[in-house]
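Some notes on the structure that comes next.
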Amino acid sequence: MTTRIGVVTFPGTLDDQDALRAVRIAGAEPVSLWHRDKDLHQVDAVVLAGGFSYGDYLRAGAISRFSPVMETIVEQAKAGMPVLGICNGFQILTEAHLLPGAMLRNNHLHFICRDQKLRVENAETAWTSDYSADQEISVPLKNMDGRYTADERTLDELEAEGRVAFRYLDGNPNGSLRDIAGITNAAGNIVGLMPHPEHAVEPLIGTGRTDGLGFFTSIIKKLVNA
């Protein structure tokens with residue numbers, strides 16, 4: 001049976017088509033999901049793609065968090081359905097309290113767009129099992145509100161529980177505390193990160209490498225072997 005992975009489109013989403021393409025290249029069936037539709041159409045996992053949903057009004061992801069589709073996603077994610085939040089998707093996950101912390105304006109107050117080196121800190125989540133711990137990868141990064149923040153107690157818990165999934169290398173691009181680029185929940189089914197793995201799935205585009213493809217092959221293997 002074909003693995004079905006849904007990608008949500010909100011008003012202002014930019015990278016849904018890239019995420020759908022990444023799903024297809026990895027070998028799963030991509031399914032487009034509309035933010036006003038609560039029905040997830042029997043998908044096995046969900047990707048919240050990058051962009052500027054609702055123009056980032058109020059806060060990045062703050063309005064999208066209340067879209068009808070999120071009611072179902074929150075319910076299903078808490079029940080174990082895998083969810084990946086990329087950039088704006090990560091912001092939505094924090095606003096929905098599926099992941100702890102918050103995203104603030106970059107410390108240099110500028111939009112940043114560059115290839116970004118990352119270190120894989122946790123290779124045991126549903127979305128990272130095709131990587132190895134301490135592996136270094138490079139994927140594109142593009143954001144304005146990418147500075148991850150949380151109180152010290154939360155940061156210490158993330159570190160102690162191995163829930164920091166990715167860390168920035170070769171310079172912190174946005175002032176994220178403890179160089180955190182991505183995190184996971186305790187169960188490992190929900191992952192959020194600011195860089196864009198969907199832009200690094202074939203040699204012709206992005207970084208010219210396929211370092212981001214592992215996110216999508218990881219989840220397919222997880223679902224097939226479940």
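Values computed for the structure shown
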{"item": "Subset tally (residues that are open to solvent by less than 10 Å² (accessible area, probe 1.4 Å), closer than 20 Å to Cys113 by Cβ and hydrophobic (A, V, I, L, M, F, W, C)) for the stretch 190-204", "result": "4"}
{"item": "Residue within the stretch 77-92 that is charged (D, E, K, R), open to solvent by 40 Å² or more (accessible area, probe 1.4 Å) and more than 15 Å from Leu40 (Cβ to Cβ) present", "result": "no"}
{"item": "Enumeration of residues in the stretch 193-204 that are in contact with a helix residue (DSSP H, G or I) (Cβ under 7 Å, 6 or more places away or on another chain), assigned to a loop (DSSP other than H, G, I, E, B) and of a type outside the set (A, V, I, L, M, F, W, C)", "result": "Glu202"}
{"item": "Residue among Gly61, Gly55 that alone is open to solvent by less than 10 Å² (accessible area, probe 1.4 Å), of a type in the set (Gly, Ala, Ser) and either out of contact with any strand residue (DSSP E or B) (no Cβ under 6 Å at 6 or more places or on another chain) or farther than 19 Å from Gln17 by Cβ (or both)", "result": "Gly61"}
{"item": "Condition met for Thr72 (among the hydroxyl-bearing types (Ser, Thr, Tyr) and touching a Lys or Arg at 6+ places or on another chain (Cβ under 7 Å))", "result": "yes"}
{"item": "Criterion (modelled with pLDDT of 95 or more, open to solvent by less than 70 Å² (accessible area, probe 1.4 Å) and touching a Phe, Trp or Tyr at 6+ places or on another chain (Cβ under 8 Å)) met by exactly one of Val74, Val120", "result": "Val120"}
{"item": "Where Asp170 falls short, out of the listed (1) within 20 Å of Asp16 (Cα to Cα); (2) out of contact with any Ser or Thr (no Cβ under 8 Å at 6 or more places or on another chain)", "result": "(1)"}
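Residues are listed down the side, and each one gets a yes or a no for (1) part of a loop (DSSP other than H, G, I, E, B); (2) surrounded by 15 or more Cβ atoms within 10 Å (Cβ to Cβ); (3) not basic (Lys, Arg):
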site: Ile137; (1), (2), (3): no, yes, yes
site: Thr154; (1), (2), (3): no, yes, yes
site: Glu159; (1), (2), (3): no, no, yes
site: Arg167; (1), (2), (3): no, yes, no
site: Ala181; (1), (2), (3): no, yes, yes
site: Gly188; (1), (2), (3): yes, yes, yes
site: Gly206; (1), (2), (3): yes, yes, yes
site: Thr210; (1), (2), (3): yes, yes, yes
site: Phe216; (1), (2), (3): no, yes, yes
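The values are calculated or read from the model by the stated rules, or taken from the named source; none is laboratory data. A quick note: this is a predicted structure, and the numbers were derived from the prediction, not measured. No Cβ is skipped: glycine too gets one built from the backbone with ideal geometry, and neighbour counts run over all protein chains shown. All accessible areas refer to the heavy atoms of the entire protein, side chains included, with ligands and DNA or RNA removed. Shrake-Rupley method; radii C 1.70, N 1.55, O 1.52, S 1.80 Å.
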